[in-house]
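What follows is a set of notes on a single structure, which appears directly below.
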Amino acid sequence: MRLAAGAIGRTETALGAFYRRLCARVGKAKAITATARKIAILFYNGLRHGMDYVDPGASYYETRYRERVLKNLRRRAKAFRFALQAANTLTAEQVVS
């Protein structure tokens, strides 16, 4: 499973995105172990319950991850009685002039 986890880290799948995010945060060894566990759980559910795995893709995983992070930030800000606001983004022309 660990070999499969290392190989899947180089793919453009949801599991590959999961591996890369963990690798940056906790290191390669722990990321491989966590990804191997996730693969094992998916394999078990496929055999035990007859579930099919349909990969949503790396972009779907990244979008869901960003949404989850924003939701947690809003919740934490609300606990301190703050509110998050969208930042005013400047275009390249506005920055140069």
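Couple of notes before you dig in:
- Equivalent ellipsoid dimensions for the stretch 1-74 as semi-axes, Å, which come from the Cα gyration tensor, largest first: 21, 17, 11
- Accessible surface of the chain [probe 1.4 Å, protein heavy atoms]: carbon and sulfur percent: 58 percent
- Percentage relative contact order, the stretch 1-58, counting C-alpha pairs under 8 Å, at least six apart: 41 percent
- Percent breakdown of C-alpha pair distances by 10 Å bin, ordered from the shortest bin, for the stretch 14-55: 30, 44, 22, 3
The values are calculated or read from the model by the stated rules, or taken from the named source; none is laboratory data. Remember, predicted model here, so these are calculated numbers, not experimental data. Just so you know, the surface numbers come from the protein's heavy atoms only, side chains and all, with ligands and any DNA or RNA stripped out. Shrake-Rupley method; radii C 1.70, N 1.55, O 1.52, S 1.80 Å.
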